[in-house]
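Notes for the one structure printed next.
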């Protein structure tokens, strides 16, 4: 079932988050560097994760990135957009 979003009163555009796949792949591959956080516009959270990564030699930051990447990619486009783009949920 394809969900349509309202854009200026027009329901003809398919609803999809343009950032979901890119953020998910960045989180899995470069999670320790918090690139996915900066990509989604979460600068403060990205800096926190980057410092956490540096302190733990990348272990904790990389694990957080892996988990978040999987979560991003398993959410529907609508749910990802609502949660991380519109509501700005910064962690998991």
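The values are calculated or read from the model by the stated rules, or taken from the named source; none is laboratory data. Model, not experiment: these values are computed from the prediction. FYI the Cβ positions are ideal-geometry reconstructions off the backbone, even for glycines, and counts take in every protein chain you see.
Yes/no matrix, rows are residues, columns are (1) out of contact with any helix residue (DSSP H, G or I) (no Cβ under 8 Å at 6 or more places or on another chain); (2) at pLDDT below 95:
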residue	(1), (2)
7	yes, yes
11	yes, yes
14	yes, yes
17	no, yes
52	no, yes
57	yes, yes
61	no, yes
67	yes, no
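Is it the case that the range 23-32 has a residue that's at pLDDT below 95 and in contact with a strand residue (DSSP E or B) (Cβ under 9 Å, 6 or more places away or on another chain)?
Looking through the range 23-32, none of the residues is at pLDDT below 95 and in contact with a strand residue (DSSP E or B) (Cβ under 9 Å, 6 or more places away or on another chain).
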